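Take a look at the structure set out below.
Please treat every number below as a calculation from the coordinates, not as lab data. This one's a predicted model, so the numbers in the text were calculated from it and none came from an experiment. Because the Cβ atoms are built from the backbone with ideal geometry, glycine has one as well, and the counts that use them run over all protein chains shown.
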Amino acid sequence: MEKQKIVEQYQQWLDGNEPLPARTTDWGDVIKSLYTPLDLENVDYLNHLGFPGEPPLVRGVYPSMYLGRPWTVRQYSGYDSPADTNARFRYLLGQGQTGLSVAFDLPTQIGYDSDHPMSVGEVGKVGVPVDTLEDMEVIFEGLPLEKLSTSMTINAPSAVLLAMYVCIGMKQGLSPKVLRGTIQNDVLKEYTVRGTFIFPPQPSLRLVTDIFAYCAENVPRFNTINVAGYHLREAGCSAVQEIAFSFSNAVAYIEAGLNAGLDIDQFAPRISWIFNTNNKIFEEVAKYRAARRIWAELLKDRFQAKDPRSWKLRFHTQTSGASLTAQQPLNNVVRVAYQTLAAVLAGAQSIAACSYDEALSLPTEESVRTSLRTQQILREETGVVDTIDPLGGSYFLEALTKQIYDRIKELMSQIDEIGGAVAAIENGFVQKEIEKRAYEIQLEIESGKRVLVGVNKYTIEEEDQVPMPETNPRAEREQVERLRSLKAKRSQDRVAQVLNDVRRTAMGKDNLMPVIIEAVSAYASLGEICGVLREVFGEYQQVKTI
Amino acid sequence: MDRKIRVLAAKPGLDGHDRGIKVVCTGLKDAGMEVIYTGLRQTPEAIVNAALQEDVDVIALSTLSGAHNHHLPRVAQLLKEKQCEHILLVAGGIVPDHDRVALKKQGVSEIFGPGATLKSIAAFIKENLPAT
């Protein structure tokens with residue numbers, strides 16, 4: 001009876017007032033001007049929302065969420081030398097950061113030493129150069145690994161950096177069993193949107209599953225993969241595509257693990273995620289809630305995982321760098337604040353808030369401090385952490401959550417029909433979908449249909465002069481010299497021997513982690529180890545779609 | 001019939017973020033140009049060789065990772081050495097203001113930063129090709 005009254009009065013309200021312009025979600029569905037209890041009709045609380053920490057996991061992955069433990073404040077960071085990076089890490093930890101996140105330079109990410117011809121001009125530009133274990137020793141100098149968790153944004157050479165981290169731990173007297181951290185290790189998205197791939201898919205998946213198996217036994221507190229939606233979204237895809245494409249990539253990793261003979265519960269609990277928190281607050285919260293539900297269903301129903309930890313979508317999120325502008329950079333402080341709010345309302349486990357000078361350079365101390373403060377103010381002053389899933393039950397949010405849930409599942413089915421993530425990448429489907437949307441967005445910006453404050457509306461003549469961090473023009477040369485002097489003092493015979501072991505193991509079927517750990521302990525360089533793997537595995541050739 | 005303007009687009013160096021360059025390729029095609037995108041990890045030598053092979057009028061490079069002061073002058077230098085300075089060299093991405101003056105002196109005709117429109121890039125190319 002009450003429902004009927006609402007139906008009638010809603011209709012009267014619509015009929016009695018000026019029609020309102022229809023808006024659409026990021027993925028193209030219509031947004032109504034008003035949501036009411038009628039929109040909750042098909043929402044079954046116990047099956048569609050439930051309780052935090054239990055399936056369907058929509059309201060949060062842990063029973064206590066931020067009331068038990070706040071999200072980790074984890075800014076992405078790396079500078080042009082290991083020593084400067086160590087200094088920045090100490091600064092961040094001193095200013096309230098609670099987890100480390102290492103940004104490596106491009107040569108490191110692509111398995112080249114600082115003295116490789118392809119590395120010229122690139123050393124130390126987007127993050128820290130790491131050529132050998134010695135560089136990692138400097139980066140972590142004075143930082144007790146048993147008190148920290150460290151996320152490393154490294155993909156194709158993940159095994160090498162993980163091996164180095166294990167060695168640093170051992171030098172600090174720590175068993176690998178106590179080490180906490182994450183390696184990104186998500187090569188599938190590198191093929192489509194980020195470009196730091198090295199090897200073709202099959203050997204890359206072998207490296208991933210070797211890491212799964214090794215860590216399950218030896219480094220059980222490490223997240224062995226951080227499957228990424230972040231970069232897909234930065235490349236231009238929608239919220240629906242971000243989840244559907246990254247979930248499909250995860251399915252490929254899971255299937256590789258199972259094919260390698262692992263039990264799902266041996267490695268699934270250590271799958272973690274990195275997502276992109278973008279501008280539309282409610283859509284982003286809905287996205288994460290739907291994603292948690294879909295992941296839980298995928299692991300329980302499709303993969304028959306029995307360990308409840310396997311069902312839990314634990315994620316780090318970085319606010320969207322691509323949404324920030326070079327024009328009027330202080331506006332970015334505001335954008336990042338709203339995006340961080342969305343991430344907190346959505347129940348993220350770990351957050352990196354972009355710095356406001358993101359469009360221009362690596363962050364200064366002041367700009368990264370502002371990012372830390374953004375997170376701290378949210379946590380300490382706004383009250384949004386005082387209850388779990390505070391937006392739960394909102395008519396709008398629940399309607400959006402259900403809608404995006406359906407859309408994500410539709411797209412995942414489409415990818416399944418193509419043959420899964422690897423097939424969808426080989427035939428260019430994923431890339432073309434993302435390219436198409438990136439182009440549409442650009443046209444919308446140029447036509448003014450999509451407003452970018454400061455860029456196509458509310459522009460000014462004078463631009464703020466934003467200070468840039470000091471960079472050392474000799475950084476590359478100094479790094480190369482450090483590498484040369486290290487090579488001169490290490491045992492060349494031992495290095496030759498360990499590299500041979502890596503080669504032999506790569507050609508066979510044994511787990512590569514033990515020999516890679518031996519190799520890094522002997523101060524074989526990242527470039528030398530990856531060079532051997534390149535010889536054995538070959539190099540990936542990017543699919544042409546344009 | 002007028003020959004279409006031919007553009008070689010590429011990413012020099014190691015950066016793999018190609019959203020921008022792909023959007024520019026599509027935009028220039030929609031503006032009536034022929035665009036050949038040679039992809040990631042292109043060396044300056046490979047870029048210039050491809051430009052000659054493809055007989056292009058324009059080279060459009062995307063640089064986001066801070067290596068612009070290395071790669072762009074190298075391409076400009078090679079064009080000079082091969083006597084191909086008729087090829088218009090433009091770049092886009094993240095290039096700080098204080099580096100732009102020097103790069104333009106070294107042969108980069110224009111640098112399109114964040115917020116540049118496809119229209120302005122196409123217009124610049126059309127207006128700045130040497131008269132045939």
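Descriptive notes on the structure:
- Charge tally in the Cβ shell below 13 Å around A:Leu324, where Lys, Arg are +1 and Asp, Glu are -1, A:Leu324 excluded: -2
- Too-long pairs where the Cα-Cα distance tops 31 Å, listed order kept, from A:Lys125/A:Lys489; A:Lys125/A:Lys312; A:Lys147/B:Lys11; A:Lys402/A:Lys457: A:Lys125/A:Lys312; A:Lys147/B:Lys11; A:Lys402/A:Lys457
- Cα-based convex hull, the protein assembly as shown, per residue volume (Å³, whole number): 173
- Counting, for every residue in B:19-25, the Cβ atoms of other protein chains within 10 Å of its Cβ and taking the mean gives 6.
- Here the dipole of the stretch A:1-111 is about 540 debye; that uses its Cα centre as origin and unit charges on the Cβ of Lys and Arg (positive) and Asp and Glu (negative).
- Across the stretch A:75-140, Cα pairs under 8 Å and at least six residues apart give a relative contact order of 41 percent.
- Links that overshoot a 32 Å alpha carbon limit, given the list A:Lys287/A:Lys449; A:Lys189/B:Lys104; B:Lys105/B:Lys126: A:Lys189/B:Lys104
- Charge tally in the Cβ shell below 13 Å around A:Tyr395, where Lys, Arg are +1 and Asp, Glu are -1, A:Tyr395 excluded: -1
- Normalised by the number of residues in chain A, the average gap of Cα pairs under 8 Å and 6 or more apart makes the relative contact order 18 percent.
- Rounded if a/c under 1.5, otherwise prolate or oblate - the stretch A:394-532, Cα gyration tensor axes: oblate
- Helical content alone sets the calculated 222 nm signal of chain A at -14500 deg cm²/dmol, taking -39,500 (n - 2.57) per DSSP H segment of four or more residues and averaging over every residue.
- Charge-dipole axis of the stretch A:45-418 as Lys and Arg at +1 and Asp and Glu at -1 on Cβ define it, positive-most pick from A:Leu67, A:Leu92, A:Leu143: A:Leu67
- Between the residues B:Thr43, B:Ala116, B:His68, the greatest Cα displacement towards the positive end of the dipole of chain B, with unit charges on the Cβ of Lys, Arg, Asp and Glu, is found for B:Ala116.
- Neighbour counting of Cβ atoms within 10 Å sorts the residues A:Arg270, A:Arg373, fewest neighbours leading, into A:Arg373, A:Arg270.
- Its DSSP H runs of at least 4 residues, each contributing -39,500 (n - 2.57), put the calculated 222 nm mean residue ellipticity of chain B at -13000 deg cm²/dmol, to the nearest 500.
- Cβ-based exposure ranking for A:Lys287, B:Lys126, A:Lys312, in which fewest neighbours within 10 Å come first: B:Lys126, A:Lys312, A:Lys287
- Counting charges near B:Gly32 (Lys, Arg +1; Asp, Glu -1) among other residues having Cβ under 12 Å from its Cβ returns a value of +2.
- On the principal axes of its alpha-carbon atoms, the stretch A:290-387 has extents of 50, 29, 20 Å, going from largest to smallest.
- Relative contact order, percent, chain B [alpha-carbon distance under 8 Å, six or more residues apart]: 25
- Helix A:365-381 vs. chain A, principal-axis angle (Cα, 0 to 90°, nearest 10): 50
- Fraction of beta bridges assigned by DSSP in the protein assembly as shown that are antiparallel (%, nearest 5): 5
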